[in-house]
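The values are calculated or read from the model by the stated rules, or taken from the named source; none is laboratory data. The structure presented is a predicted model; accordingly, all values stated were derived computationally and were not measured. Note that we place each Cβ from the backbone using ideal geometry, even for glycine, and neighbour counts take in every protein chain shown. Note: areas computed on protein heavy atoms with side chains; ligands, DNA, RNA excluded. Shrake-Rupley method; radii C 1.70, N 1.55, O 1.52, S 1.80 Å.
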Amino acid sequence: MTSSSDRSQAVDVQEPKTYEVRTYGCQMNVHDSERLSGLLEGAGYVRAPEGSDGDADVVVFNTCAVRENADNRLYGNLGRLAPMKTKRPGMQIAVGGCLAQKDRDTIVKKAPWVDVVFGTHNIGKLPVLLERARVQEEAQVEIAESLEAFPSTLPTRRESAYAAWVSISVGCNNTCTFCIVPALRGKEKDRRTGDILAEIEALVGEGVSEITLLGQNVNAYGSDIGDREAFSKLLRACGQIEGLERVRFTSPHPRDFTDDVIAAMAETPNVMPQLHMPLQSGSDPVLKAMRRSYRQDRYLGIIEKVRAAIPHAAITTDIIVGFPGETEEDFEQTMHVAREARFSAAFTFQYSKRPGTPAATMENQVPKEVVQARYERLVALQEQISWDENKKQVGRTLELMVAEGEGRKDGATHRLSGRAPDNRLVHFTKPDQEVRPGDVVTVEVTYAAPHHLLAEGAVLDVRRTRAGDAWEKRNAGEAPKPAGVMLGLPKIGAPEPLPVATGSGCGCD
């Protein structure tokens, strides 16, 4: 006979609900997804195992609206989940991010099995909206028109123990004709400097040794408070934080890239010699049509100043090929800037219409076959430049922060991978002693490929770090804190360079 206490204990034993977050788009979306994961874990959910592919109690899509076919991609994925939801009573699907902000009511009309739709300004409402949808048994659509709370006030489930995004602003005040982001994320809103530094210090206290300052237009920081030198002051303040080894930032805008920022980069030891500076086009007429508030001379002047102050800086960029009205002469100007600037990498996109942007309705849309041919020429040029620039690294001795999951062939080649100070990816021979992600190794570069370097000799030095300790502690299976707050960043270092892709840039710069 079963006692009442036995029955009570049987009722109390309940498997926690699982969640999966699928992220599309820019670094801001990746960081927002860390917030969404933190919120769900704070509400008692646990992350579904890797490879669940929708087999979770809650599936959240954090969407991007900067591609012409973004909605097709979303509805295709939602359609694949519909039969799974039918077979799994209680399963919930939520859609957030830029496409949700843009399309709002359309999502539930096209996919009535969606339970929650939320926007870019109210990600903190997700757990409440899920519970409300469950209780009321109807879809909850809540789109705020302005920011309700700065995202950094929300709990976070970070993906790494040793490197982290730190958001310093949200929104953008620019009006680029190819970009819909300002309409979806609103005007720029800066975070208080003291709050930023407090978050960084807390992260360092947990073992993080590298941070990436994040904003839609990161170096415009201070416009909200009327201080044009606020960003350079922030970089210098980061240099005073003990234990913070590496500082990066993304993405700046040439309009706001001032001499005091260059000086701060050069004079602050833990600010890394790396710069991602979006070009978009090398043609002055195209830049004007894009409403980019700089011209070729201004852009190349910034590059020249950075190289003079930081000789070993690696400079990367974004370029759009085939913007409406682009002529062969315009394209040749882009090729000219690529040759002059000698980027270590360029994230190159074929222009595609972004619904809701002025460029989408411009005349003189460039034929697809012309865009493709120009794109291939630019990629070939940049591939050679990247290779030539990487060859200059052969023979150099570099300190690498050991990375997790960045070398796809590491297991087969018996190598490990890490990021140099300038963020170049280096694969190195695995040493005899244990090396953990977050630790630092010293190597000599022996070979260069267009997109990576090799250090085939023995590792010259291994430095165990607090960041490595933090990684080891997390992977020992230590229970998460009750609030679901964990530390880190998807992969080590600055946000990983994207492969050459079709599109028109991320719209965050």
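Condition check ((1) modelled with pLDDT of 95 or more; (2) in contact with an Asp or Glu (Cβ under 8 Å, 6 or more places away or on another chain)) across all residues:
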residue	(1), (2)
Gln296	yes, yes
Ile315	yes, no
Arg354	no, yes
Asn364	no, no
Ile385	yes, no
Thr397	yes, yes
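Of everything in the range 127-142 that is in contact with a strand residue (DSSP E or B) (Cβ under 6 Å, 6 or more places away or on another chain) and not polar (S, T, N, Q), the residue that is most open to solvent (accessible area, probe 1.4 Å) is Arg132. Checking the structure you have, find out if any residue of the range 454-471 is on the phi > 0 side of the Ramachandran plot, out of contact with any Pro (no Cβ under 8 Å at 6 or more places or on another chain) and open to solvent by less than 80 Å² (accessible area, probe 1.4 Å). Taking every residue of the range 454-471 in turn, none turns out to be on the phi > 0 side of the Ramachandran plot, out of contact with any Pro (no Cβ under 8 Å at 6 or more places or on another chain) and open to solvent by less than 80 Å² (accessible area, probe 1.4 Å).
What do you reckon, is Met265 within 19 Å of the chain's Cα centre (by Cα), buried (at least 22 other Cβ atoms within 10 Å of the Cβ) and closer than 25 Å to Glu340 by Cβ? So Met265 fails the test. Which of the residues belonging to the range 83-109 are of a type in the set (A, V, I, L, M, F, W, C) and either closer than 17 Å to Ala133 by Cα or under 21 Å from the mean Cα position of the chain (by Cα) (or both)? If the condition is that a residue be of a type in the set (A, V, I, L, M, F, W, C) and either closer than 17 Å to Ala133 by Cα or under 21 Å from the mean Cα position of the chain (by Cα) (or both), then Met91, Ile93, Ala94, Val95, Cys98, Leu99, Ala100, Ile107, Val108 are the ones that fit. Among the residues making up the range 411-428, a single one is farther than 22 Å from Met272 by Cα and in contact with a strand residue (DSSP E or B) (Cβ under 6 Å, 6 or more places away or on another chain): Arg415. Inside the range 77-106, can you point out the residues that are open to solvent by less than 30 Å² (accessible area, probe 1.4 Å), within 18 Å of Glu20 (Cβ to Cβ) and either out of contact with any Cys (no Cβ under 9 Å at 6 or more places or on another chain) or modelled with pLDDT of 90 or more (or both)? If the condition is that a residue be open to solvent by less than 30 Å² (accessible area, probe 1.4 Å), within 18 Å of Glu20 (Cβ to Cβ) and either out of contact with any Cys (no Cβ under 9 Å at 6 or more places or on another chain) or modelled with pLDDT of 90 or more (or both), then Asn77, Leu78, Leu81, Ala82, Met91, Gln92, Ile93, Ala94, Val95, Gly96, Ala100 are the ones that fit. List pairs: first in the range 246-265 and under 20 Å from Asn173 (Cβ atoms) and among the basic types (Lys, Arg), second at pLDDT below 95 and surrounded by fewer than 22 Cβ atoms within 10 Å (Cβ to Cβ), Cβ under 7 Å, 6+ apart or cross-chain? Correct list of pairs: Arg255/Ser293.
Between a residue in the range 16-28 that is on the phi > 0 side of the Ramachandran plot and any residue that is part of a loop (DSSP other than H, G, I, E, B) and at pLDDT 75 or above, which pairs come within a Cβ distance under 6 Å, given they are 6 or more apart or on different chains? Cβ pairs passing all conditions: Gly25/Cys64. Residues considered: Asn72, Asn62. Of these, the only one that is within 16 Å of Tyr24 (Cα to Cα) and open to solvent by 10 Å² or more (accessible area, probe 1.4 Å) is Asn72.
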